[in-house]
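The values are calculated or read from the model by the stated rules, or taken from the named source; none is laboratory data. Predicted model only: the values in this text are computed from it and were never measured. Don't worry about glycine lacking a Cβ; one is built from the backbone with ideal geometry, like all the others, and counts go over all protein chains shown. Only protein heavy atoms, including side chains, enter the accessible area calculation; ligands, DNA and RNA are left aside. Shrake-Rupley method; radii C 1.70, N 1.55, O 1.52, S 1.80 Å.
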Amino acid sequence: MDTLLASYLHDERTRESIIEPKFQHRLALGDAWQIKPGSRVLDVGCGQGESSLVLALATGPTGHIIGIDTAPPDYGGPYTVAQSQKHIQASVLGKQIEFRRADIASLLSDDEYRSRPFDVAVLCHSLWYFQNQTAMAEVFRLLASVKVRYLCLAEYGSRASRPEQTPHVLAAGAQSIFNALRKSTANGVREPNVRSAPTPEEIVSIAGQFGWREVRSGYLQPVRGMRDGHWEVQFVSSSLFQRWIRDEGLEDDKSLSDAIRAVDQSTQALRSEGVDKWDTMDVYWAVLELDL
């Protein structure tokens, strides 16, 4: 943990409350995936680099991680993607990590990457960012086209093992409905974390169309300190989300109104029992192998 924290740009005041739980979760995913030391790994949707750091640690000094993301350099806070990635590359794990602002198609059009096969591709909490399932299917197709042997996935599993997780499941559903109904494209100031929100079954089914088969899978309960679920519930209940809905002309849509009402009813019921923080839902993880 000390190596990861030293390699990651963060405010020391948030170390115990936000940063450590974030890395504890990703370390648990790494243990589940069991990626071999020395592997060449493509980290799809790497963001600020948390998963890339854990993958570098897991694959050891002979491993190599290529992290790609389409986010602009100034995206993110309190530190931007560019600031975070620069800090990582200057760290002890940085020599194993290469960051590119690119999507799968543009990366694989570069002969340098197409001619050097990846052992593993990782999508760690990046699948819900895809605008729709068609875009996600195209990623699976491209990875299969260059014969990446293993695909390691982690995404919210749309299930709650504890009552405190239920508001997160409902909030994700509300955001997914909004994404399906909206007329504008998700970008810039109106770019939610949850878009198409495919279920684990849908993810495996789509990947299966391109020759991927599930060889290991399971669910993890995130540590209670992982605040992602709480933040998503707060967002759905916020004036900002209501403004987005009005801007899209969706304030009278019954399916969206009902979904938001379900979130509010869920949080109110928990508050009546003395609960005022919402836990992150269970996370689905899987290792898929390509039939070569």
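Data for the structure
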read-out	value
Estimated Rh, the chain: Kirkwood, alpha-carbon pairs, angstrom	19.7 Å
Longest segment of the chain lacking trypsin sites (Lys or Arg not before Pro) that sit in a DSSP loop with at most 15 other Cβ atoms within 10 Å	1-146
Added length on full extension, which subtracts the Cα-Cα distance from 0.36 nm per residue, Arg141 to Gln242	32.7 nm
Full-extension gain in nm, Leu292 to Val215, via 0.36 nm per residue minus C-alpha separation	26.3 nm
Pair Gln133, Lys277: separation of 7 Å Cα→Cβ label points (nm)	3.6 nm
Lys/Arg +1, Asp/Glu -1 at C-beta; the stretch 241-280 dipole; positive extreme among Val263, Trp244, Val275	Val275
Net length gained if the chain between Glu251 and Gln24 were fully extended (0.36 nm per residue, minus Cα distance)	77.8 nm
Carbon + sulfur, % of accessible area of the chain - ligands and nucleic acids excluded, 1.4 Å	49 percent
Counted charge near His230, where neighbours are those whose Cβ lies closer than 12 Å (Asp, Glu -1; Lys, Arg +1)	-2
Label-point gap, in nm, between Asp111 and Glu202 - each point 7 angstrom along Cα→Cβ	4.0 nm
Computed over the stretch 70-143: relative contact order in percent, which uses C-alpha pairs under 8 Å that are six or more apart	22 percent
Solvent-accessible area per residue for the chain (1.4 angstrom probe, square angstrom)	46 Å²
Inter-label distance for Ala269 and Thr70, nm, one decimal - labels placed 7 Å from Cα along Cα-to-Cβ	3.7 nm
